[in-house]
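Colleague: Quick one: structure below, then a few questions.
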Amino acid sequence: MTLPIEHDFFNDTKQWVCLQCGYNMIGAMPEVCPFCGAYHDQFLPWDEAETKYHVTEFTINNEVTQLLSVPKLGYEHAAYRIETAEGAVWIDSPSAFNRGLAPV
């Protein structure tokens, strides 16, 4: 019996981040960003973006935290984590992503 090899998505799949808008592209690098149209010279490999941009939490109240990329990445938009009795819920997601974020 052969066990399947687990796919390590973060390390095995190429990803690119558009510095103009923050869009994350998975797979082969396109010529232009499908979201904002920026040329590929405005892309960073995902692992480089992860070291430069960090998700930072800003407390809104006891249950709500705003998640922002620091420094700002592209068209930064409001992303929130809401703590509920059943667990955390994210509304949208920050432009950056860091593996150290607590799971939801």
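Each value in this text was obtained by applying a stated rule to the coordinates, not by laboratory testing. Values in this document were obtained by computation on a predicted structure and should not be read as measured data. Quick reminder, even Gly has a Cβ in these numbers, built from the backbone with ideal geometry, and neighbours come from all protein chains shown.
Colleague: Viscosity 0.890 mPa s, temperature 25 °C: what is the translational diffusion coefficient of segment 53-97 from Stokes-Einstein with a Kirkwood Rh over Cα pairs, rounded to a whole number of µm²/s?
Modeller: In µm²/s, the coefficient is 230.
Colleague: If you don't mind, there's one more thing I want to ask. Excluding F58 itself, calculate the net charge of residues whose Cβ lies under 15 Å from the Cβ of F58, where each Lys or Arg counts +1 and each Asp or Glu counts -1.
Modeller: -3
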